[in-house]
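Structure first, commentary second.
The values are calculated or read from the model by the stated rules, or taken from the named source; none is laboratory data. Everything numeric here is computed off the predicted structure, so don't read it as measured data. Every residue, glycine among them, receives a Cβ derived from its backbone with ideal geometry; neighbour counts consider all protein chains shown. To get the accessible areas, we keep the full protein, side chains included, count just its heavy atoms, and leave off ligands, DNA and RNA. Shrake-Rupley method; radii C 1.70, N 1.55, O 1.52, S 1.80 Å.
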Amino acid sequence: MAIVKRYRFPWREGNQFTVLVDSTAFLPRMLSAIGEARQYLLLEMYLVESGVVADRIINSLLQAAERGVQSYLLFDDYGARQLSTDDRKRLAHQHIQVVYYNPLSSHNTLYNLYLVFWQRMHKGLYRNHRKLLLVDGRVAFAGGAGITDEVDSPDAPELRWRETMIEIRGPILEDWQLLFTESWNRFAAEKLALPDVASELIENGQPGRVTVNEAHHRVGIQRSLIKQLKSARQRIWFSTAYFIPSWSLRRRLMHAARKGVDVRLLLPGPVTDNPGVRYASRRYYRKLLKSGIRIHEYTPRFLHAKTVLCDNWVSIGSCNYDRWNLQWNLEANQEIDSRDVAMTIANLFENDFIHSVEHRQQQWEQRSRYLRILEWFWRRVELLSLKIRQRRRR
């Protein structure tokens, strides 16, 4: 029982996990699952923007609704600000319910403008960053993708986000459904009542656990990662879109590298949606490289995948492990303890390393003064924002 309380959910046996790389793999599988829905589906998303990808999802949802499938959509209010009025109207169907997590006031009176300011500066910082599609208690998809054309760019497919999702089947779907229900009930007018998940143990299935972060109230994702970093003996391969790690995370990574563990970071290169964060993260490179950590920057596209591999332990989900995620966001990751899945993820990392630029310590010390100034400036911005967030928590 102590493990359940400490981590919210236990390890469950008998699951099946399929790694899906990029939108060309996971979008068709997700749309197919919606097309096969017969009872209900749950869709929890942070980033929801009108466009070609949103059209495909909404059309599939409407077709499911016409079959009598009940859809429950939980969108983060801030993340869905680019969802057009027309698309919101299209979702107004008797079999589709939409709830916006932590809504921000949109009225334009002077008083409400003040409320908007306060919400954005304090309460509005709490966001739902989780990504989940669950259909009929039969299959689920989790990871880092959003509903945006940047994930699957119709105009420039070569620039689609480098993203990873995981397809999930088995008893662990019970935990994903419960997690969605809890988030839904915080802001929905009516409590959600769903049929029990009836997934049976899959023969020769794999053990998995759902880990969660709930702002600074429950930090299971962070706790689990630190534990795995401590126990890793062979490799720690770490991929994230925004590398602003805590001191404890940096310390554990450096300590593992000094012990002889193969520690590698796979981070975004020049193609990124937030250059400031990239420059701020580069302020950590010097000490990390000096400790023996290998740092690769992915160059072809924006690396948005959040994946960690420690020996044969894998974690894939929504969490970037940056300070903002850990302090303010709802996050959820799928952990897997499987040699087969670990081998798949290792091969995926190896391929991404090939398409990356590796920074060496000596070369890094010789970078230009201009880059050093950018790194210094954005590091100051990061520290300032951290101080402001800490004051608001008091």
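If residue 281 passes every condition in (1) of a type in the set (Gly, Ala, Ser); (2) open to solvent by 10 Å² or more (accessible area, probe 1.4 Å); (3) touching a Pro at 6+ places or on another chain (Cβ under 9 Å) but one, which one does it miss?
(2)
Consider the range 224-242. How many of its residues are over 21 Å from residue 21 (Cβ atoms) and either without any contact (Cβ under 8 Å) to a residue 60 or more places away in the chain or in a loop (DSSP other than H, G, I, E, B) (or both)?
Total meeting the criteria: 6.
Go through the range 49-130 and tell me which helices (runs of 4 or more DSSP H), entirely inside it, have 2 or more residues that are open to solvent by 50 Å² or more (accessible area, probe 1.4 Å), at pLDDT 95 or above and more than 26 Å from residue 193 (Cα to Cα). Steps first, answer last, please.
Values: elements: 52-66, 85-90, 110-121.
Those helices (runs of 4 or more DSSP H) span 52-66, 85-90.
Regarding residue 252, is this residue at pLDDT below 95, in a helix (DSSP H, G or I) and surrounded by 15 or more Cβ atoms within 10 Å (Cβ to Cβ)?
Values: at pLDDT below 95: no; in a helix (DSSP H, G or I): yes; surrounded by 15 or more Cβ atoms within 10 Å (Cβ to Cβ): yes.
When the stated conditions are applied, residue 252 does not pass them.
Can you spot a residue in the range 154-175 that is within 20 Å of residue 48 (Cβ to Cβ), open to solvent by 40 Å² or more (accessible area, probe 1.4 Å), in contact with a strand residue (DSSP E or B) (Cβ under 8 Å, 6 or more places away or on another chain) and touching a residue at least 40 places away in the same chain (Cβ under 8 Å)?
no
If you take the residues in the range 3-44 that are among the hydrophobic types (A, V, I, L, M, F, W, C) and assigned to a loop (DSSP other than H, G, I, E, B), which one is farthest from residue 188 (Cα to Cα)?
Out of the qualifying residues, it is 11.
Please name all residue pairs, on different chains or six or more residues apart, with Cβ atoms under 9 Å, provided the first residue is in the range 348-375 and is modelled with pLDDT of 85 or more and the second residue is among the acidic types (Asp, Glu) and not in a helix (DSSP H, G or I).
356/297; 357/297; 358/297; 359/297
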